[in-house]
Amino acid sequence: MSDQSNEADKTQRRERSNILIIISDEHRKDAMGCMGHPIVKTPNLDALAARGTLFTNAYTPSAMCVPTRAAIATGDYVHKTRHWDSASPYDGRIRSWMRHLRDQGIQTVSIGKLHFRSTEDDNGFSEEILPMHVVGGVGWPIGLLRETPQPYDAAAELAADVGVGNSTYTDYDREITKAAEAWLQKQTGSDQPWAAFVSLVSPHYPLTCPEEYFTMYDPAQIDLPVGYEDLFRPEHTELRNVAEFFDYEKYFDEQKMREAKAAYYGLTSFMDDCVGRILSALEKSGQADDTVVVYVSDHGDMMGDQGFWTKQVMYEQSAGVPMILAGPGVPKRRKVTTGASLVDLAATAVDVTGVSHDETSSDLPGISLRELALEEDNPDRTILSEYHDGGSTTGTFMIRWQRWKYVHYVGHDPQLFELTNDPNELQDLVALQADDPQTIAALAEGEHRLRKICDPETVNTLCFADQKARIAELGGEEACLTAYCFNHTPTPGEQEKMRDASAV
C-alpha cells in the first residue's frame, strides 16, 4: 500500500472512530482534581481531561438512576420516553442509540450496570457482560406512591453502612474492570468498529470503602457540607417534602458525616483507579488512537450539602455531572462552558462511529459532544432536567442557561439562582427579591424556555396517570410497599441469591 493510500485509510478510520463510554454512578461533578477540588484525588480522570475536553456545565436528564439510564439509551427527555421513575425502567420499546449503531454494523457491548428492565429485552447491545438490571424487572416501586407517601425506613442504611471494607459494589466494580480489560484485549488488531458502554457503580453508596482508599482521606480534614455551619436548610415547600421522605440527615452527626465524606472521596479514588485500568487496557489493545473516550456519571450526590444526601434535587451537586471527552478530533486541554446533557451521548455515538442518521436519530434534542467541543462556547444553550420519582409530590423541572438556573415545581413557587455570584445556590431570588426587575425578567425567561420544550402541567398530569396505572399493574399500593424494598439496587450476584431464596 502506498503512503498516500495508507494516510487516506488512517483519515477514514479517524472519521469513523470507535467510542468507549465509561460511566460511573453518583459522582458529583466537582469531585475531581481537574475541576479544582482541593481534596479528591483523581489522577486518571485528570489525565483524561488534560488530553481532551472538560465540560464544566453538564447535567443529568433526571436526578435518579433509572429514568436517567432510559434517557441515555434513547437520547431523549424523560417526559418524552415516559420512563419516569425507578419502577419504569427502559425496556427496549423505544429504539436505543446502541441498536441504531448495531443495525449499521457497529459491534456494541455493555459491561456492568445498565439499570434497564431485563437482558431479555432488545436493549440494543450485541452483548451484555455482567449486566445489572432492576430487581425483578420491576425496580423500586415505593417511589410510585407520590400521592400517598409512606415512611422510607431504608434511609437509615446510608449512615449505617459508612466504614472501611469491601462491599458488594466494590467487588462488582473490580469484576467489571477485569471484564472490560479482557474485552479490550480481544480487540487488539481488529478492524471491526465498536462501541463499548462500561458502567461502574462507585462511588454510589453503600459508603463502605476499601481501606487503602479510605485512608487517603482524614475525616478530621474533610470539608464541611455547604450550609453546615450555618444550619442552612432550604425553606421551599416541595424541597421539604423531599427531605422528609429521604430523611438521611437525621442519622448523621458531625463525626459520621466526616467519615461518610471520607468514604465517598475514597470510593471516588477507587473508581478513578478502575478507570485508569480500563484506559490502560485500551492503550495496550492498540485501539486508543482510533477511539473517542467519554467519561460521565449518571447524576451527582449532595453529600450533606444544604441538608440533603444522595440525589433527587436540582442543586448543582445532584443535577450536575462530570463530563470529559478525549480522542480523535477532540481539542486537548479545553474547558467548555456550553451547557451539556447526558442526552447528548446518543448524538455523540452516532457522530463518532460515523453511522447514518435517520428520521428517528436526527429528531432528538442532543448535540454531539465533539461538535460542542469544536465550537465556540454558547452559554445560551438551554438544558433541561426533571424529576418525577420518590419523595416528590409534584413534577420538578430545571432549566439552565447563561448564568441562571430556574426550577419549576408544578403547584409550588419556582426557584431562581444566579450561579456566577452564588455558586452554592444559597440565595433563592424568588424568596429574597421577587420584585426585583432582573429577577422578574429571568423568571419569565426561564419559564419561557421550559414551555418551549414541554408544558409542565400537562407532563405532570400524564406522569401521575402513568404511575397510577403502574401501581395497579404491580398489584396495588400494598404490593408496591412490600415487593422490593432496598436502599440501593442489589448486584447481579445478590439478585440471583434473592431469586434462589424465593424459589425455595
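The values are calculated or read from the model by the stated rules, or taken from the named source; none is laboratory data. Remember, predicted model here, so these are calculated numbers, not experimental data. Please note: Cβ atoms are built from the backbone with ideal geometry, for glycine as well, and neighbour counts cover all protein chains shown.
Taken together, the residues in the stretch 107-128 that are under 20 Å from the mean Cα position of the chain (by Cα), in a strand (DSSP E or B) and not charged (D, E, K, R) amount to 4. Whenever a residue of the stretch 123-148 is farther than 27 Å from ASN460 by Cα and modelled with pLDDT of 95 or more, it has no partner that is of a type in the set (Asp, Glu) and surrounded by 19 or more Cβ atoms within 10 Å (Cβ to Cβ) lying with C-beta atoms less than 7 angstrom away and at least six residues away or across chains. Taking each residue of the stretch 253-270 that is touching a residue at least 24 places away in the same chain (Cβ under 8 Å) and looking for partners that are of a type in the set (D, E, K, R) and surrounded by fewer than 21 Cβ atoms within 10 Å (Cβ to Cβ) with beta-carbon atoms closer than 6 Å, six or more apart or interchain, yields SER269/LYS41.
Taken together, GLU238, GLU181, GLU212 contain a single residue that is touching a strand residue (DSSP E or B) at 6+ places or on another chain (Cβ under 7 Å) and not in a loop (DSSP other than H, G, I, E, B), which is GLU238.
Find the residue count for the stretch 311-334, including only residues that are assigned to a loop (DSSP other than H, G, I, E, B) and either of a type in the set (D, E, K, R) or under 12 Å from the mean Cα position of the chain (by Cα) (or both). Residues meeting the conditions: 6. Only a single criterion out of (1) within 30 Å of SER17 (Cα to Cα); (2) aliphatic (A, V, I, L, M); (3) within 21 Å of the chain's Cα centre (by Cα) is not satisfied by ALA155, namely (1). When the residues of the stretch 113-156 are filtered to those that are in contact with a strand residue (DSSP E or B) (Cβ under 7 Å, 6 or more places away or on another chain) and charged (D, E, K, R), the one that is surrounded by the fewest Cβ atoms within 10 Å (Cβ to Cβ) is GLU127. Residues that are within 25 Å of ALA180 (Cβ to Cβ), among the basic types (Lys, Arg), in contact with a Lys or Arg (Cβ under 8 Å, 6 or more places away or on another chain) and at pLDDT 95 or above are absent from the stretch 34-44. Within the stretch 31-76, the set of residues being over 24 Å from ALA347 (Cβ atoms) and of a type in the set (Val, Ile, Thr) comprises ILE39, VAL40, THR42.
Restricting attention to the stretch 20-57 and to residues that are in contact with a Ser or Thr (Cβ under 7 Å, 6 or more places away or on another chain), small (Gly, Ala, Ser) and not in a helix (DSSP H, G or I), the residue that is surrounded by the most Cβ atoms within 10 Å (Cβ to Cβ) turns out to be SER24.
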